[in-house]
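Participant: Below you'll find the structure I mean.
The values are calculated or read from the model by the stated rules, or taken from the named source; none is laboratory data. Just so we're clear, the structure is a prediction, and the values are computed from it rather than from any experiment. Cβ atoms come from the backbone with ideal geometry, glycine included; neighbour counts cover every protein chain shown. SASA here: full protein model, heavy atoms, side chains in, ligands and nucleic acids out. Shrake-Rupley method; radii C 1.70, N 1.55, O 1.52, S 1.80 Å.
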Amino acid sequence: MPQHVDTGVAGLRAFVEDGGVATLVLDRPERRNAVTLAMWQGLPRVLDRLAVLPSVRALLVTGAGRTFSAGADIGELAEVYADPQRADAYHADNVAAEEALAAFPHPTIAVVHGFCVGGGCQLAVACDLRFVSEGARMGITPAKLGVVYPAVPTVRLARLVGPARAKYLLFSGELVTGRQAEVFGLADEVLVNTELDARAMEFARLLARRSPQTIGAVKAALAGPLEDAQAALAPWERKSRLAPDVREGLAAFLEQREPRF
């Protein structure tokens, strides 16, 4: 049975299943899971809570009601933009939530059904991987609103899909299909709708069985500029000489069994 985790935030639901996989659900289906300010502010706390659970080794991020997220709550955003200082604070909270997701210590997979737009797509891009349904529609739409997209998600998107594709998405605000997203590099696997959830869970459970030492090192190396990768990897390399992961991995290979990391 799933172990439910109290998020303390309306619109965010979380639970942990057997196999070391946690699921974080954007849970406002009546508003297509539009993200409120309270949700942006609460995301770092919820992610911290999940990260310290000893049973958690991977995280799925998805939306309720067969939609990932329609983006920021536009009604709320209209109120925020009535005051420049409130707008500054809002975008700071928005970026802090994205950064917390990107820094989650275990592998993260966005499971994208339906619409994944604006701030919702921002969260999907902040995950390590994106598994997307063929019928999904993905896009980042600040140009339709006159909003200046913050630097952190702009650069993260460009690192993922390349500068030209990032410009295509941000200049136009157009939505792309799951298959187009795969061509862009925005989706890592594209599946028919009925197979998506099972495949994402299967892959998350696979990652949960892999060495957290190796995965942590890869995340550290690729979190910043490539020229900083060696410095980011150095403490992980030192740890690997003493920690039991390598000995266990080699022993399991020689004994033809699953390693127990």
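Participant: Name the most mobile residue of R31, R137, R238, meaning the one with the largest mean-square fluctuation, in a Gaussian network model of the chain with Cα contacts below 10 Å.
Facilitator: Among R31, R137, R238, the largest mean-square fluctuation in the Gaussian network model of the chain belongs to R238.
Participant: A further question on this structure: For labels at V147 and E202 in the simple 7 Å Cα→Cβ model, what's the distance in nm?
Facilitator: 3.6 nm
Participant: Once amide H atoms are built 1.01 Å from N in the peptide plane, which residues 5 or more positions from V61, or in another chain, come under 5 Å H to H?
Facilitator: When sequence neighbours closer than 5 places are left aside, the close amide H contacts are L24, I109, A110, V111.
Participant: A further question follows. Starting from the amide H of R137, placed 1.01 Å from N in the peptide plane, find each other amide H under 5 Å away whose residue is 5 or more places distant or on another chain.
Facilitator: Residues meeting the criterion, in which the H sits 1.01 Å from N, are G114, F115, C116.
Participant: Check which residues have an amide H placed less than 5 Å from L12's amide H, if you skip close sequence neighbours.
Facilitator: D27
Participant: Moving on to the next point. Using the Karplus equation 6.51 cos²θ - 1.76 cosθ + 1.60 (θ = phi - 60°), what ³J(HN,Hα) coupling, rounded to whole Hz, does each residue of the stretch 158-168 give in order, writing x for Gly and Pro?
Facilitator: 5, 5, 7, 10, x, x, 5, 5, 4, 5, 3
Participant: Going by the alpha-carbon gyration tensor, a ≥ b ≥ c the square roots of its eigenvalues, is the stretch 3-208 rounded (a/c under 1.5) or, if a/c is not under 1.5, prolate (a/b greater than b/c) versus oblate?
Facilitator: Working: a/c = 1.66, a/b = 1.18, b/c = 1.40.
In terms of gyration-tensor shape, oblate.
Participant: Just to check I understand the Karplus step: with θ = phi - 60° and J = 6.51 cos²θ - 1.76 cosθ + 1.60, what whole-Hz values come out for the stretch 48-54, glycine and proline as x?
Facilitator: Running phi through 6.51 cos²θ - 1.76 cosθ + 1.60 with θ = phi - 60° gives 4, 5, 5, 5, 8, 5, x Hz.
Participant: If I compute solvent accessible area with a 1.4 Å probe over the protein chains, what percent of it on the chain is carbon and sulfur?
Facilitator: Numbers: 7470 of 12830 Å².
Here it works out to 58 percent.
Participant: Answer rounded, prolate or oblate for the stretch 211-255, using the Cα gyration tensor with square roots of eigenvalues a ≥ b ≥ c: rounded when a/c is under 1.5, else prolate when a/b is larger than b/c, else oblate.
Facilitator: Numbers: a/c = 3.59, a/b = 2.35, b/c = 1.53.
In terms of gyration-tensor shape, prolate.
Participant: Which value, in Å², gives the accessible area per residue of the stretch 69-182 when a 1.4 Å probe is used on the protein heavy atoms? Present the calculation step by step, with values, prior to reporting the outcome.
Facilitator: On the way: 4690 Å² over 114 residues.
So the stretch 69-182 comes to 41 Å² accessible per residue, rounded to a whole number.
Participant: Here is a follow-up. Rounded to the nearest 10 Å², what accessible area does V95 have for a 1.4 Å probe in the complete protein model?
Facilitator: The accessible area of V95 comes to roughly 30 Å².
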